[in-house]
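*Asks:* Would you mind keeping the following structure in view while I ask a few things?
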Amino acid sequence: MCSEFWNKGYLTETLKVVTGFGFSELDANWIEAEVMQGNIASEKVLSKLGFKNEGIFREWM
């Protein structure tokens with residue numbers, strides 16, 4: 001894994017740009033993200049950016 005890039009804020013800054021573009025330029029109504037269960041760092045990033053946890057996949061098709 002590329003742990004040298006962890007905890008540097010790169011994902012936060014990238015998601016700010018991507019979600020901003022999605023809402024302003026693409027006129028998206030919502031943007032969703034999936035995080036592997038137990039990935040607390042990614043959950044915190046999404047929460048900080050206003051994403052809400054709406055459930056857990058019980059089974060993948």
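*Asks:* Name the pairs whose Cβ atoms lie under 7 Å apart, with the first residue in region 1-26 and surrounded by 12 or more Cβ atoms within 10 Å (Cβ to Cβ), the second part of a helix (DSSP H, G or I), and 6 or more positions between them or separate chains?
*Replies:* Correct list of pairs: L11/V45; T12/V45; T12/K48; L15/V45.
*Asks:* Now a separate question. With the requirement that a residue be of a type in the set (D, E, K, R), modelled with pLDDT of 90 or more and not in a loop (DSSP other than H, G, I, E, B), what does region 1-44 give you? Full working, then the answer.
*Replies:* First, the residues of region 1-44 that are of a type in the set (D, E, K, R): 4, 8, 13, 16, 25, 27, 32, 34, 43-44.
The next check asks that each one be modelled with pLDDT of 90 or more; those that pass are 8, 13, 16, 25, 27, 32, 34, 43-44.
The answer is E13, K16, E43, K44.
The values are calculated or read from the model by the stated rules, or taken from the named source; none is laboratory data. Source: prediction; values computed, not measured. For neighbour counting, all protein chains shown are included, and Cβ atoms are generated from backbone atoms with ideal geometry for every residue, glycine included.
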